[in-house]
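Please treat every number below as a calculation from the coordinates, not as lab data. Keep in mind that this is a model prediction, so the values were computed, not measured. Quick reminder, even Gly has a Cβ in these numbers, built from the backbone with ideal geometry, and neighbours come from all protein chains shown.
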Amino acid sequence: MKKSIFVLGMIMILSQACSKSNEAPEPVKEAFNQKFPNAKNVKWDKENETEWEAEFKMNGEEYSANFSSDGTWKETESDIAESEIPAAVKLTLNTEFEGYKIEEVEISETIDGKFYEFALENEDMNMEVVISAEGKVFTTDVIPEEDLEND
């Protein structure tokens, strides 16, 4: 009987711990609410040891925003249509990534400015590319074939 009560108690403690693992700290929630007062359907996940990510809707669009554990805003991302890509970014895509098809495009806003994140594909390769609003390529990462199969 004592073992059953102990096991039941441990299950309750673990389930509470798991349910609170996605509960962002108060400084993070406060900073989020100040930055996004009109956000709806907010869901929190711990991105890593020092960062939290909120997924939410605002003005009918889906967003994600990252904050450090002390409440410092890091980044906001949302999907955009190809028609919303600025001319300088399109020029870079057409010259440096000719022959690639855009699979996905997101806009990322950080303290350093706006960046456009692309998932690109051609018959030989898949990659992720980050381009500044001015058309400068910041990062280019080739995605291994096995990673694509796991998505």
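Across region 20-75 the C-alpha pair distances fall into 10 Å bins from zero in the proportions 27, 60, 13, 0 percent. Computed from backbone phi with θ = phi - 60° and the Karplus coefficients 6.51, -1.76 and 1.60, the 3J(HN,Hα) list for region 100-117 is 9, 9, 7, 8, 7, 9, 10, 9, 10, 10, 10, 4, 8, x, 9, 9, 10, 10 Hz; x is used for glycine and proline. In terms of its alpha-carbon gyration tensor, region 80-151 comes out prolate; a/c meets the 1.5 threshold, and the first ratio a/b outweighs b/c. Quick one: net charge of E62's neighbours, Cβ under 14 Å, K/R +1, D/E -1? Surrounding charge for E62 is -4.
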